[in-house]
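Below is one structure, written out as structure tokens; the observations come after it.
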Amino acid sequence: MSFISYLINGISLGSVYAIIALGYTMVYGIAKMLNFAHGDVIMIGAYVVMASITRAGLPPFAAILVSIVFCTVLGVVIETVAYRPLLNAASSLAVLITAIGVSYLLQNIALLIFGANTISFASVVSVPALVLAGGALTITGETIVTIICCIVIMTALMVFIKKSKAGQAMLAVSEDKGAAQLMGINVNGTIALTFAIGSALAAVAGVLLCSAYPTLTPYTGAMPGIKAFVAAVFGGIGSIPGALIGGILLGVIEIFGKAYISSQMADAIVFGVLIVILLVKPAGILGKNIQEKV
Amino acid sequence: MAMLEIKDIEVYYGMIQAIKGISFEVKEGEVIALIGANGAGKTTILHTITGLLSPKRGSVLFEGQDITKIPAHKIVSLGMAHVPEGRRVFADLTVYENLKMGAYTRKDKAEIDETIAMVYKRFPRLEERKIQLAGTLSGGEQQMLAMGRALMSHPKIILMDEPSMGLSPILVNQIFDIIEEVSKSGTTVLLVEQNAKKALSIADRAYVLETGKIVLEGDAKALMDDDSIKKAYLGE
């Protein structure tokens, strides 16, 4: 029974990684850049929820909405101020380094406002735990909510991209910015929208993550951010189903590693598996080998 | 009044000057050919007109309006469509989705469906392959798709960049037949081609480009008989 329990925990953790990985993968697919500050937006999102509840006295649901709005705006501001001027720069390294700079900036802003001490984050999930198999298997409310959130977000996002005009514009921009412009698509607007969606999802991920692992520091977002990036690469960066598969796999490997091998080694195992996968399938599980037609 | 007026434009890529002061005009209903060798600046001119590049000096006027500073994505809704060099269809989208993308700036669903039907009538091949991914089409089919996609915006003028590139002679003839049909149905055409013979055969007037400058212009039929043109571009 413990195997099933580990599996469910893994899927739950993986769901959080998948939601974060979406932000990486969408931004990469459309702007062809790695937004390494994405993980820190999660942390900001979690602080906003915490502050809205404890300092402003908002109910949890309202606090989450505030956090989503805040992170959406934050994402768009980061994109317009820090990245947009560099997107056409000669070197893609410039954007990458800027992203790392933004990451440190966000961490230090949080440090300045909230201090370095670990804050305990009260779970905002009020769903009761599910007890199965006569008490042998308990699934926490957080786990249930996380998995459901992930399914809902994935489905909504895929429908949005397939069916909506803005979603189709995203596909066009990700394939060919120039041709997209010739269709009348506002490329900068589409990139900003992608950042907005990715950052809103980061806020959701922040709430889920901190509800399951109830501590919060300015560095809370860094490690999940890196792991979600790994998940995105795992699944094939640029692919939305890839983010889901990569995220879930990563979560399951991490929890199994912790449970059966060594809890200290879990992260090493995760990154070790990444190296192996990339050696076998360099473009990731669902990634495409990009071949330029001449 | 000219529909499209290019006034003394100069375009640079970094320090390199690609277009060294070019002026020309396209009148409503005309088919105008820009011909010249590789690197003469033909594509650069089209990119400057549709706003993908901006000129350092000079201006572009469309129906009397200065569009030099208007961003590329706002040009389409003014009534100008651009079929880019190398077709640049969206390979991971279906033929149908590509066509819909061409109507991105249009709102009325019923009208869009009507235009799609019109495009299918002109390119029956596209209807046969409407659910196929554009990347799996042959070169000729992709060219048809790129042209159909441009027609989806209901343009007053259509800019075509090397539509014959990489196509077999039979397909080239087919594509030029379609360009003539498009022109007859009332759309003004600005055609950029290396295949000077074909271009001159359907054009009303033509401009000959050499390294960023217009070296010759005039009636297409007259240019066909011009000795220097015959030698340099028609291989006679």
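FYI, it's all coordinate maths here, none of it is from the lab. This structure is a prediction, so every number in the text was calculated from the model and none was measured. All Cβ positions, glycine included, derive from the backbone under ideal geometry; neighbour counts span all protein chains shown.
Points to keep in mind about this one:
- Which of B:ILE49, B:LEU99, B:LEU78, positive extreme of dipole for the stretch B:25-105 (C-beta unit charges): B:ILE49
- Each of A:CYS210, A:CYS149 was scored by other Cβ atoms within 10 Å of its Cβ. Arranged with the fewest first, they read A:CYS149, A:CYS210.
- Values of log10 I(q)/I(0), in the order q = 0.11, 0.12 Å⁻¹, for the stretch B:4-234 under a Debye, Cα-only, solvent-free model: -0.54, -0.64
- Approximate spin-label separation A:ILE275-A:SER92, in nm, with each point projected 7 Å along Cα-to-Cβ: 2.4 nm
- A simple rule links phi to the HN-Hα coupling: the Karplus curve 6.51 cos²θ - 1.76 cosθ + 1.60 with θ = phi - 60°, which for the stretch B:39-44 gives x, 6, x, 5, 5, 4 Hz, with x for Gly and Pro.
- Over 23 Å [Cα-Cα, chain A], rounded percent: 55 percent
- Nonlocal amide H pairs with B:LEU53, under 5 Å, H built at 1.01 Å: B:THR48
- Note that the stretch A:1-72, at 4 °C in a medium of 1.567 mPa s, gets a Stokes-Einstein diffusion coefficient of 92 µm²/s from its Kirkwood radius over C-alpha pairs.
- Scalar couplings 3J(HN,Hα) for the stretch A:96-101, obtained by applying the Karplus form with A = 6.51, B = -1.76, C = 1.60 to θ = phi - 60°, are 4, 5, 4, 4, 5, x Hz; x denotes Gly and Pro.
- Exposure proxy for A:MET43, A:MET158: other Cβ atoms within 10 Å of each Cβ, ordered fewest to most, give A:MET158, A:MET43.
- Approximate spin-label separation A:ALA166-A:VAL81, in nm, with each point projected 7 Å along Cα-to-Cβ: 2.2 nm
- The GNM of chain A, with springs linking C-alpha atoms under 10 angstrom apart, assigns the highest mean-square fluctuation among A:VAL16, A:VAL273, A:VAL230 to A:VAL273.
- Estimated FRET transfer efficiency (B:LYS121, B:ILE170; beta-carbon r; R0 25 Å; 0.05): 0.75
- In chain A, the longest principal axis of the Cα atoms and the axis of helix A:222-235 are about 70 degrees apart.
- Dipole magnitude for the protein assembly as shown: about 860 debye, using +1 per Lys or Arg Cβ and -1 per Asp or Glu Cβ, origin at the Cα centre.
- Once you divide the Cα radius of gyration of the protein assembly as shown by 2.2 N^0.38 Å, the number left is 1.17.
- Residues B:LYS109 and A:ILE113, FRET efficiency given R0 of 41 Å [Cβ-Cβ distance, rounded to 0.05]: 0.25
- For the stretch B:94-111, backbone nitrogen atoms closer than 19 Å to the point 7 Å from B:THR136 Cα along Cα-to-C-beta are found at B:94-100.
- Computed about its Cα centre, the charge dipole of chain A is approximately 400 debye, with only Lys, Arg, Asp and Glu carrying charge at their Cβ.
- Counted by neighbouring Cβ atoms within 10 Å, the residues A:LEU249, B:LEU234, B:LEU53 run from fewest to most as B:LEU234, B:LEU53, A:LEU249.
- Taken over the stretch A:1-41, the percentage of Cα pairs per 10 Å bin, counting from 0 up to the bin with the maximum distance, is 28, 36, 22, 12, 1.
- Beta bridges assigned by DSSP with both partners in the protein assembly as shown are antiparallel in approximately 60 percent of cases.
- Virtual paramagnetic centre 7 Å along Cα→Cβ of A:LEU105, amide N under 18 Å, in the stretch A:38-73: A:38-45, A:70-73
- Dipole of chain A computed with +1 at Lys/Arg Cβ and -1 at Asp/Glu Cβ about the Cα centre; of A:ILE277, A:GLN181, A:LEU58, farthest Cα towards the positive end is A:GLN181.
- A cut-off under 13 angstrom between Cβ atoms defines the neighbours of B:ALA203, and their net charge, with Lys, Arg +1 and Asp, Glu -1, is -1.
- Under 5 Å from the amide H of B:VAL83 lie the amide H atoms of B:LEU159, B:MET160, B:ASP161, each residue being 5 or more positions distant or on a separate chain, with H modelled from the backbone and absent for Pro and chain starts.
- Within the stretch B:1-63: Cβ-based charge dipole about Cα centre, in debye rounded to nearest 20 (Lys, Arg +1; Asp, Glu -1): 300 debye
- Across B:LYS56/B:LYS100; A:LYS163/A:LYS288; A:LYS288/B:LYS109; A:LYS288/B:LYS100; B:LYS69/B:LYS198; A:LYS165/B:LYS198, pairs whose alpha-carbon gap is larger than 28 Å: B:LYS56/B:LYS100; A:LYS288/B:LYS109; B:LYS69/B:LYS198; A:LYS165/B:LYS198
- Among A:LEU106, A:LEU171, A:LEU130, the largest mean-square fluctuation in a Gaussian network model of chain A (Cα springs under 10 Å) belongs to A:LEU130.
- Max mean-square fluctuation residue, GNM over chain A, Cα-Cα springs under 10 Å, options A:LYS163, A:LYS32, A:LYS227: A:LYS163
- DSSP beta bridge pairing in chain B, given as percent antiparallel to the nearest 5: 55 percent
- Taking θ as phi - 60° and the Karplus parameters 6.51, -1.76 and 1.60, the scalar couplings of the stretch B:220-226 work out to 4, 5, 5, 5, 4, 8, 6 Hz in sequence order, x denoting glycine and proline.
- Simple spin-label estimate for A:TYR213 and B:GLU28 gives 6.7 nm between the two label positions (7 Å along the Cα-to-Cβ direction from each Cα).
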